[in-house]
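Computed from the coordinates by the stated procedures, all read-outs in this text should not be read as laboratory data. What you are looking at is a predicted structure, and each value in this text was computed from that prediction instead of being measured. With ideal geometry, Cβ positions are generated from the backbone for all residues, glycine too; neighbour counts draw on all protein chains shown.
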Amino acid sequence: MKSQATGKTNTVREDFDPSKSGWHVHDKALQARSSGSTQTALFGHSAQPCPHEGNELQESHLRVDSLNRMPFEAITRPMVICGDATQALKLLPEKSIQTVVTSPPYWSLRDYGVKEQIGRDDSLRSYIRSIVCTFEQIGRVLRDDGTVWLNVGDSYTSGNRRYRAPDRKNRARAMAVRPPTPEGLKPKDLIGVPWRLALALQDAGWWVRSEVIWYKPNAHPESVRDRPTKAHETVFLLSKGQDYYYDHEVVKGPHERRLRTVWEIPTEPVKRVNGKADDHPAMMPLSLARCCVAITSRNDSVVLDPYAGSGTTLLAARELGRRWVGVEIKPAFVDLIERRLYMS
Ligand SMILES: C[S@@+](CC[C@H](N)C(=O)[O-])C[C@H]1O[C@@H](n2cnc3c(N)ncnc32)[C@H](O)[C@@H]1O
């Protein structure tokens, strides 16, 4: 997808150099934090590590391993809560979150091996219902001018195959049981999960403000020969009301033009932190999370990811000087979040 005037897409690269690509970052806090670097840290990795020294957030995050606690009256420091998203969000105060950047488990794609995980539900309908239910809590904790960036992938019906073989590159991408083809769909149909979910959220009262296509230039090849290879995912921008906080100046496209709806962002390779692989099977690129956090939150805002996975959103929030809260159901992923936050 190219813009008619410039022939360029909005592009976010690992080796991002704003002076070459035409992207511009106008985040004063971030610029101050990354001063001395020739690259901005908003997109891609900065040439120098992001400065965390003296960062009080680093020392003081709270890990909550049991949900049998009194609700928090205020979010005074960053925290990671280990548990089910809907239950965990009940601990948080009303209207305390400015923006949510999140990617729930995709329907029937992975088995994270945890009771109460979503995404393995037998029917598409109950998968959507679970997420809408969590969004009820998100709506409660979100400020009135708050927003949600929701990244969700699509999938195809299985044609009633009941098992997905492990993918050699991605061992979590195997399901012992695959759900039957949803009613009304046929074998090999594209399900349209992102829009089914977005419409359910719209029915539940959310505003669907934008559909962003995250184009992956380095998408894995597929063996299929009867359709184009999939190279994108969807990111919705949702809001609680008609008016909300959105800083259109903070990220600009080529020639200072406002951000477009196609974002070209390569998936990022698995890295090793202290000798251990960062082996979450569905990590979002840091640059994608940074972009979302920068646009819809301010310096002192609280950023939430209710399906935190390896903590990419939390990392982006910390880099940008925001406070943050993450919820993740799998204790091993909470360990991974802490490794990524403090040992890199
Ligand atoms: C697509 S991944 C998120 C990846 C994340 N954006 C990242 O960059 O690492 C979804 C995560 O949701 C977690 N999850 C599944 N069911 C959950 C639930 N009921 N409550 C909270 N987290 C859940 C999974 O363990 C998985 O880590």
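Applying a DSSP loop filter and a limit of 16 other Cβ atoms within 10 Å to the GluC sites (Glu not before Pro) in the stretch 192-241 leaves E222. With R₀ fixed at 41 Å, the C-beta to C-beta distance from N218 to N68 puts the FRET efficiency at about 0.40. With the cut-off at under 20 Å, measuring from each backbone N in the stretch 86-119 to a point 7 Å along the Cα-to-Cβ line of R298 picks out 93-101.
Geometric descriptor of the stretch 98-152, per residue, is 83 Å³ (volume of the convex hull of the Cα atoms).
Ordering M70, M284 from the fewest to the most neighbouring beta carbons within 10 Å gives M70, M284.
The Stokes-Einstein estimate for the stretch 211-344, based on a Kirkwood radius over Cα pairs and taken at 37 °C with 0.692 mPa s viscosity, is a diffusion coefficient of 199 µm²/s.
Divided by 2.2 N^0.38 Å, where N counts the residues, the Cα radius of gyration of the stretch 229-273 comes to 1.60. The ranking of R258, R225, R298, R196 by Cβ neighbour count inside 10 Å, starting from the fewest, reads R225, R258, R298, R196. FRET efficiency for the pair D335 and H255, taken as 1/(1 + (r/R0)^6) with r the Cβ-Cβ distance and R0 = 25 Å, rounds to 0.05. Each label was represented as a point 7 Å from its Cα along the Cα-to-Cβ direction; for S210 and E183 these points are 3.7 nm apart. Residues I118, I75, ranked from the fewest to the most other C-beta atoms within 10 Å, line up as I75, I118. Using a 7 Å offset from Cα along Cα-Cβ at W195, what residues in the stretch 214-241 end up with backbone N under 20 Å from the label point? Flagged as within label range: 214-216, 227-239.
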